[in-house]
Amino acid sequence: MWLLFLLLSAQHVHDISPPAAPKLLEIPPPPAPTSDTMPGRSIEWLQDAPSIDAVWWYVYRAYLDKDTAGKQLNPITCKDTYEPFPCSAPMPNWTTTVGNHTIRITAAKFISGDSIQNPSQTSQEVWSESVEFTVMQPPPQMYVATPYNKAPVIVK
């Protein structure tokens, strides 16, 4: 009798095995660099999973260069096409220097917490391969001197 109870109870235990590692895609350059932040850029990857429903329970974090803390990606968009599922998220608001950088993302299964955006416990994180991208120098701007120490007018 107890054996039957234990077998039936085990079906309700969360699967805490890690998901498949995300396959990070190349990060396209921005249309025109304007600053040292990266607004408007997105991170794209392919995610193997048993179903699109399983993907919605994954927590993704992005790591820039040698950052050890990472930033949770949110909101996540995944297309219900076929496995691997194509996913994307806005690039976190990092300030970067001009030059080459690397980015990696992790995937982990949500186990418990207030919400998928605020997890208190996840499965082990699995890492994507690194992808390199370049931050370009913003275009030069010409300044016109103005009288009475007013702020300069930017001429484009």
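The values are calculated or read from the model by the stated rules, or taken from the named source; none is laboratory data. Because the structure is a prediction, the values reported are computed rather than measured. Cβ atoms come from the backbone with ideal geometry, glycine included; neighbour counts cover every protein chain shown. Keep in mind that these areas ignore ligands, DNA and RNA; they rest on the heavy atoms of the full protein, side chains included. Shrake-Rupley method; radii C 1.70, N 1.55, O 1.52, S 1.80 Å.
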- Message: Just to verify a result, which residue in region 48-66, among those that are loosely packed, with under 15 Cβ neighbours inside 10 Å and either in contact with a Cys (Cβ under 6 Å, 6 or more places away or on another chain) or among the acidic types (D, E) (or both), is nearest to N93 (Cα to Cα)?
- Response: D65
- Matching residues in region 97-115 (assigned to a loop (DSSP other than H, G, I, E, B) and buried (at least 17 other Cβ atoms within 10 Å of the Cβ)) number 0
- Item | Residues that are part of a loop (DSSP other than H, G, I, E, B) and over 13 Å from the mean Cα position of the chain (by Cα), drawn from region 80-96 | D80, T81, Y82, E83, P84, T96
- Query: Would it be correct to say that P86 is modelled with pLDDT under 80 and open to solvent by 20 Å² or more (accessible area, probe 1.4 Å)?
  - Reply: no
- Task: Collect the residues in region 91-121 that are among the β-branched types (V, I, T) and within 14 Å of I76 (Cβ to Cβ), keeping them in residue-number order.
- Result: I105, T106, I116
